[in-house]
């Protein structure tokens, strides 16, 4: 057992039908016991796991080298579904809040994992917020049901395995030499997503273009611009730089300014910070060209699929994004990727201690495994 | 082979990968040959079937004793998915138009029925319109895929088998003694749907109430009222008669009048004639309280599920309706019924020559069979 795997066993629990803590089990410790085999009830186990980033990661608001993370498992009749809550520090959830949420759940009351709507309605109503923790349960339940049906989720949902998009690879805000080094490192990827909003926007793009003059670029401003006229000027300049779209150019509360920018911009304007769940999709109609769906923010696959349906009905573009995360939640998101326009599902590529193998990037494109459920296996 | 079954063989065809007519096969004739076994391609067969109504059926616009119908089958590797297009004469489609549509389809180009989105996008784009014919393909494909996964559709979709609503039983516009007789016949059903708009609205309700004083009633005006003030007066009167909602009170083009009625009515106002596909759901927001989804009008289960997602996001109520039809398309619609508020899925109860057994009505409630796909078996 290497060090990364030992890190699995930092904080763990088993939530049984009584909602009580029954014991401490690390899912990858070699000691995992299925305490529920054949008794027809669902049981939840979980543990925290610190994700180690390959590079210091800088966006408009902060820098960091790790991401807190929770790994969850739902056990049922000898099968295990895997889920994850990846929790960057600029969101309100963390392993402690997730642990408290899991301890409130009584999944043992359900004897049929197929009842996804009923079970996830229950999970959603146990307490407000806790979107990341809810997403981890949602992913584990979908993985479990996929395994019960012996089919990958993309097949169960009627999607074409061949219709997956390329994923972008993210380049954080940094000094010229680091940006150029990261751009070189990203040569296997066909699309780059450049973080802007740090005051050196043109320099960032110019340094990327020195190494990679022709690649498609997405830019993500994380709400870093505040003047709509300057934003429009940048949109025109970025279009000349072969940028495909601009994500969250301005703060989420500058709705009228964003609507004006969207109407006048030569590039699509995609909502990110503005989008959590279904009501945010309704509110983004007429304000943005597209939305960025993230499993952690929207409570998981069930809600993400509904948001896709809404966005398509509104003729909006769809980007799927992610946190830095393991191949667990990234592979879950990738199951939906045949239904979207743009993927930014590189979170597992940014960490050095991924405990799973799942979706692959081959010639820049997401390749879905044939395995059932979310399609991961432990390394 | 009884007479009803011989009626199956009125018009039939086999559409293979070449789109050519290969032969004439009645699916219930005892002569059905699976010409595609194990070759990994999908093949479409179909035949017309005249539905015989138990009673002369009268709504605001016409009366009839039969309903034209097409039965379709998709064959793949030894499995068969069943679909249906039930085609009342007041809609623009009929067995001839459906036959022409089926002959344009080349399902043999697809070697994986799981690719529902891709296949049904193709079917939808072959030609505009043909919603009923498209629905029959959609139902057969979903039935086939459910059989491949060995699961009923409601389980694949994550619904609770126990959450099905009661279905209403429809009483057409008729003379007092006939209305009373039909109401007596409908005693096993917990909810009645009364057709109004024939100029004898109060008399209709009063005759129902003579036989069944307490049962919940839905009313369907089929656009028969044109004055919004009279409509509002009727809404108040109907509320006193323990009516639950009013379906399509006014013609679909009187949008402002309907919006006014919805705002002022003490009863929910449900769109029917106004609703076909997804764009109609968008247009009904703020005009109606709820929508009536019918598989035949919306091209089938795939689009119906998306309409349910949209209506829920808009906080709208959902009724599912049907045509007079066999247990094939009624059982398909019933698979969605755990996700809706009100069901009017009695179309199979109104015919005397149903060739299938599927969803049952037990103590007024829809009961979904455990069989895979849409859950039907031939009688």
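The values are calculated or read from the model by the stated rules, or taken from the named source; none is laboratory data. Just so we're clear, the structure is a prediction, and the values are computed from it rather than from any experiment. Cβ coordinates were reconstructed from backbone atoms using ideal geometry, including for glycine residues, and neighbour counts include every protein chain displayed.
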Residue in region A:89-121 that is nearest to the other protein chains (Cβ to nearest Cβ), counting only those that are assigned to a loop (DSSP other than H, G, I, E, B) and without any contact (Cβ under 8 Å) to a residue 12 or more places away in the chain: A:115
Residue that is nearest to residue A:116 (Cα to Cα), among those in region B:156-196 that are assigned to a loop (DSSP other than H, G, I, E, B) and within 14 Å of chain A (Cβ to nearest Cβ): B:158
Which numbered condition residue A:315 fails, given (1) surrounded by 24 or more Cβ atoms within 10 Å (Cβ to Cβ); (2) within 14 Å of another protein chain (Cβ to nearest Cβ); (3) at positive phi: (1)
Region B:285-312: number of residues that are touching a helix residue (DSSP H, G or I) at 6+ places or on another chain (Cβ under 6 Å), part of a helix (DSSP H, G or I), within 14 Å of chain A (Cβ to nearest Cβ) and farther than 30 Å from residue B:236 by Cα: 6
Residues being buried (at least 20 other Cβ atoms within 10 Å of the Cβ) and either without any contact (Cβ under 8 Å) to a residue 40 or more places away in the chain or within 26 Å of residue B:240 (Cβ to Cβ) (or both) - total across region B:288-300: 5
Region A:318-363: number of residues that are away from chain B (no Cβ under 14 Å) and part of a helix (DSSP H, G or I): 12
Odd one out for residue B:225, checked against (1) outside any helix (DSSP H, G or I); (2) free of Cβ contacts under 8 Å to residues at least 60 places away in the same chain; (3) surrounded by fewer than 23 Cβ atoms within 10 Å (Cβ to Cβ): (3)
Qualifying residue in region A:218-238 (condition: under 17 Å from the mean Cα position of the chain (by Cα) and within 14 Å of chain B (Cβ to nearest Cβ)): no
Test: residue in region B:152-163 that is without any contact (Cβ under 8 Å) to a residue 60 or more places away in the chain and within 17 Å of the chain's Cα centre (by Cα): no
Residue among A:130, A:207 that is more than 20 Å from residue A:297 (Cβ to Cβ) and crowded, with 20+ Cβ neighbours inside 10 Å: A:207
Residue list for region A:251-279, restricted to those being within 14 Å of chain B (Cβ to nearest Cβ) and part of a helix (DSSP H, G or I): A:278, A:279
Filter pass, residue A:116 being modelled with pLDDT of 95 or more and buried (at least 21 other Cβ atoms within 10 Å of the Cβ): yes
Any chance residue B:282 is within 12 Å of another protein chain (Cβ to nearest Cβ), surrounded by fewer than 23 Cβ atoms within 10 Å (Cβ to Cβ) and farther than 27 Å from residue B:325 by Cα: yes
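Conditions (1) in the same structural domain as residue B:226 (by TED's automatic domain parsing); (2) free of Cβ contacts under 8 Å to residues at least 40 places away in the same chain; (3) in contact with a helix residue (DSSP H, G or I) (Cβ under 8 Å, 6 or more places away or on another chain); (4) assigned to a helix (DSSP H, G or I), marked per residue:
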{"site": "B:72", "(1), (2), (3), (4)": "no, no, yes, no"}
{"site": "B:83", "(1), (2), (3), (4)": "no, no, yes, no"}
{"site": "B:124", "(1), (2), (3), (4)": "no, no, yes, yes"}
{"site": "B:128", "(1), (2), (3), (4)": "no, yes, no, no"}
Matching residues in region B:98-125 - criterion: being over 27 Å from residue B:371 (Cα atoms) and under 19 Å from the mean Cα position of the chain (by Cα): B:98, B:124
Among residues of region A:36-56, those that are in contact with a strand residue (DSSP E or B) (Cβ under 7 Å, 6 or more places away or on another chain) and modelled with pLDDT under 70, counted: 1
Residue within region B:235-250 that is in contact (Cβ under 8 Å) with a residue 60 or more places away in the chain, in a loop (DSSP other than H, G, I, E, B) and assigned by TED's automatic domain parsing to the domain that holds residue B:170 present: no
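To keep it simple, each residue is scored yes or no on (1) over 12 Å from the mean Cα position of the chain (by Cα); (2) without any contact (Cβ under 8 Å) to a residue 60 or more places away in the chain; (3) in the same structural domain as residue B:271 (by TED's automatic domain parsing); (4) at negative phi.
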{"position": "B:285", "(1), (2), (3), (4)": "yes, yes, yes, yes"}
{"position": "B:307", "(1), (2), (3), (4)": "yes, yes, yes, yes"}
{"position": "B:333", "(1), (2), (3), (4)": "no, yes, yes, yes"}
{"position": "B:366", "(1), (2), (3), (4)": "yes, no, yes, yes"}
So residue B:152, is it within 14 Å of chain A (Cβ to nearest Cβ) and either more than 21 Å from residue B:272 (Cβ to Cβ) or modelled with pLDDT under 95 (or both): yes
Test: residue B:319 is more than 10 Å from the chain's Cα centre (by Cα) and farther than 18 Å from residue B:82 by Cβ: yes
